[in-house]
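Worksheet for the structure shown next.
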Amino acid sequence: MINGGVSFWWEQIGRPEQRPGLDGDLDCDVCIVGGGLTGLWTAYALAGLDPSLDIVVLEAEFAGFGASGRNGGWLSAELSGSKGRYAATHGAEGVRALVGAMQRAVDDVIEVCRVEGIDADIAKDGVLYVARSPSQLVRLREGLADDASWGIGDSHRGELGVDELRERVHVDRAVGATFSPHCARVHPAKLVAGIAAAAERRGVRILEGTRVTRIEPGVATTDHGVVRAARILRCLEGYTASVRGQRRTWLPMNSAMIVTEPLPAAVWDEIGWAGAELLGDRANAYCYAQRTAGGRIALGGRGIPYRFGSRTDVDGRTQAWTVESLTGILHGMFPATRGAAIAHAWCGVLGVPRDWCASVSYDPSTGLGSAGGYVGSGLTTTHLAGRTLADLVLGRESDLTALPWVDRSVRRWEPEPLRWLGVRAMYGLYREADRREDRGLVRPSRLARIGDRLTGR
């Protein structure tokens, strides 16, 4: 089994040769800090709207090194954070507008890939969330009721019975499910590599191996020189804490994944997963999975959720007990996989704001902007955020700039050791809640709600 090496996705297509980096001081019109999907989509959108702009993307490793090339490949319309927090400033109509924009963004990404000739193994077969205990079923139905209360109901997702679920996939102990058509399977590394190349075809310069250490109005300081630009956009997501003064802005949350060897036809026949639906469960410490184009199962979940001092992983390497835990989840859901080897394990970080809601912001007076805080729902959200940030930078009023996540004000995370203790306690409560629910607790455990209140989730 390979452990680390960034991700299976990059291992499969080949880790890219690093582009040249910054060599001395540089002036440009727009400097984007971070070569993940947020930065690349922003650059792609800006260059399309105003081809005269000199746009430079600065990346510490290589484009797609972070979460953009390590995620579960869910191009979904799932909204990060609480609908009520978005509604606090824009009402229910604002929530519906944001959900609708996310749904359209799924198709927008697919269309860009078609136009740009990006083959990212895309298949829009929707997403299934499966309940595997009575308490998970209660939580699943509470989610549907919450959707209905905001007026998004069945157009967003609907309930499936056990027999309807088995027509799509056989999940052991399943007692119910929901299905949403607004989701597509994607190969993350193929997608981010394709968007990077598409941005370059529009004239964007991507400078790799260039680590930004400080951002100020008009100046991005790196380990290889200074970049001066009237507009500087921070698009670092889970790596935001690496910039001076930003350690408490967004918390870098870790998520880990495993992928099996290609499964034989007999195993797939037993599992019954013939389509490309994405699959998750309704546990408190939930999992997410896809059937890859190559006939494997890739499955992810939380390992060590947070490292003290906002530290991040080393090249995707994850702990043995995390691999064992995820393998146990895989075997529990699909007993037919017990004889299959795990081919690769890796991890990555995602950005978590203090209120667990994504945001896009730009201050014309300073020329500073940012986007992120997707809490694990970033594959589609990066596209929508990039287009929104491009409109804000160019001073364009649009439906996107009116969305409720624009220019949100969120307080910072507590200093250490408080944030480490809080996140550690939250996931400890989640895991204990899941253990109690697995033992037959009919109602969702109150421990998970205590965990939510503890960290403001």
* Structure fact -> Being modelled with pLDDT of 95 or more, out of contact with any Cys (no Cβ under 6 Å at 6 or more places or on another chain), open to solvent by less than 50 Å² (accessible area, probe 1.4 Å) and not acidic (D, E) narrows V162, V212, V175 down to just V212
* Only residues in region 130-144 that are hydroxyl-bearing (S, T, Y) count as the first member; pair them with residues that are in a helix (DSSP H, G or I), Cβ under 8 angstrom, at least 6 apart or cross-chain, and list the lot. => S133/E437; S133/D438; S135/E437
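Within region 56-86, track down each residue that is farther than 26 Å from V227 by Cβ and open to solvent by 20 Å² or more (accessible area, probe 1.4 Å).
We begin by selecting, within region 56-86, every residue farther than 26 Å from V227 by Cβ; these are 70-86.
Once the filter is applied, which keeps residues that are farther than 26 Å from V227 by Cβ and open to solvent by 20 Å² or more (accessible area, probe 1.4 Å), region 56-86 yields N71, W74, E78, L79, G81, S82, K83, G84, R85.
Please tell me if E200 is buried (at least 17 other Cβ atoms within 10 Å of the Cβ) and without any contact (Cβ under 8 Å) to a residue 24 or more places away in the chain. Please lay out each step first, then the result.
Values: buried (at least 17 other Cβ atoms within 10 Å of the Cβ): yes; without any contact (Cβ under 8 Å) to a residue 24 or more places away in the chain: yes.
Here the answer is yes, as E200 does meet what is asked.
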* Members of region 22-54 that are more than 18 Å from R201 (Cα to Cα), surrounded by 15 or more Cβ atoms within 10 Å (Cβ to Cβ) and over 26 Å from the mean Cα position of the chain (by Cα) -> L22, L26
* To do: Take region 79-115 and flag every residue that is of a type outside the set (A, V, I, L, M), under 22 Å from A45 (Cα atoms) and within 18 Å of the chain's Cα centre (by Cα).
  => Q103, R104, D107, D108
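Could you tell me whether any residue of region 184-194 is touching a residue at least 40 places away in the same chain (Cβ under 8 Å), farther than 21 Å from F62 by Cβ and not charged (D, E, K, R)?
Narrowing region 184-194 to residues touching a residue at least 40 places away in the same chain (Cβ under 8 Å): 184-194.
Next, only the ones that are farther than 21 Å from F62 by Cβ stay: 184-185.
When the remaining residues are screened for being not charged (D, E, K, R), the result is 184.
Scanning region 184-194 turns up at least one residue that is touching a residue at least 40 places away in the same chain (Cβ under 8 Å), farther than 21 Å from F62 by Cβ and not charged (D, E, K, R).
When you go through E432, E437, E414 one by one, which is the residue that is in contact (Cβ under 8 Å) with a residue 40 or more places away in the chain, surrounded by 14 or more Cβ atoms within 10 Å (Cβ to Cβ) and in a helix (DSSP H, G or I)?
On the way: E432 fails: in contact (Cβ under 8 Å) with a residue 40 or more places away in the chain; E414 fails: in a helix (DSSP H, G or I).
Only one candidate passes the filter, namely E437.
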* From the residues in region 154-168 that are part of a loop (DSSP other than H, G, I, E, B) and either of a type outside the set (K, R) or without any contact (Cβ under 8 Å) to a residue 40 or more places away in the chain (or both), which one is farthest from V99 (Cα to Cα)? -> E167
* Would you mind stating whether L400 is more than 21 Å from R449 (Cβ to Cβ), in a helix (DSSP H, G or I), touching a strand residue (DSSP E or B) at 6+ places or on another chain (Cβ under 9 Å) and open to solvent by 10 Å² or more (accessible area, probe 1.4 Å)? => no
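Are any residues in region 1-21 open to solvent by 20 Å² or more (accessible area, probe 1.4 Å), more than 13 Å from I206 (Cβ to Cβ) and of a type in the set (G, A, S), and if so, which ones?
Step one: filter region 1-21 for residues open to solvent by 20 Å² or more (accessible area, probe 1.4 Å), giving 1-3, 5, 11-21.
From the residues that got through so far, the ones that are more than 13 Å from I206 (Cβ to Cβ) too are 1-3, 5, 11-15.
Listed by number, the residues that qualify are G5, G14.
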* Exactly one condition in (1) open to solvent by less than 10 Å² (accessible area, probe 1.4 Å); (2) under 20 Å from G272 (Cβ atoms); (3) within 21 Å of the chain's Cα centre (by Cα) is not met by H187; state its number. => (2)
* Asked: Filtering region 387-397 down to residues that are open to solvent by less than 20 Å² (accessible area, probe 1.4 Å) and in contact with a strand residue (DSSP E or B) (Cβ under 7 Å, 6 or more places away or on another chain), which residue is farthest from V360 (Cα to Cα)?
  -> V393
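Assess whether S325 counts as being open to solvent by 20 Å² or more (accessible area, probe 1.4 Å), within 28 Å of T455 (Cα to Cα), in a helix (DSSP H, G or I) and hydroxyl-bearing (S, T, Y).
Values: open to solvent by 20 Å² or more (accessible area, probe 1.4 Å): yes; within 28 Å of T455 (Cα to Cα): yes; in a helix (DSSP H, G or I): yes; hydroxyl-bearing (S, T, Y): yes.
Against the criterion (open to solvent by 20 Å² or more (accessible area, probe 1.4 Å), within 28 Å of T455 (Cα to Cα), in a helix (DSSP H, G or I) and hydroxyl-bearing (S, T, Y)), S325 qualifies.
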* Checking L40 against (1) touching an Asp or Glu at 6+ places or on another chain (Cβ under 9 Å); (2) of a type outside the set (S, T, N, Q); (3) closer than 18 Å to G348 by Cβ; (4) in a helix (DSSP H, G or I), the condition it does not meet -> (1)
* **Residue satisfying all of: in region 241-260; hydroxyl-bearing (S, T, Y) and either modelled with pLDDT under 95 or touching a Cys at 6+ places or on another chain (Cβ under 7 Å) (or both); most open to solvent (accessible area, probe 1.4 Å) among these** => S242
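The values are calculated or read from the model by the stated rules, or taken from the named source; none is laboratory data. Predicted model, so just to flag it, every value in this text is computed and none were measured. As a convention, Cβ positions derive from the backbone with ideal geometry for all residues, glycine included, and neighbour counts pool all protein chains shown. These area figures cover heavy atoms from the full protein model, side chains too; ligands, DNA and RNA do not enter into them. Shrake-Rupley method; radii C 1.70, N 1.55, O 1.52, S 1.80 Å.
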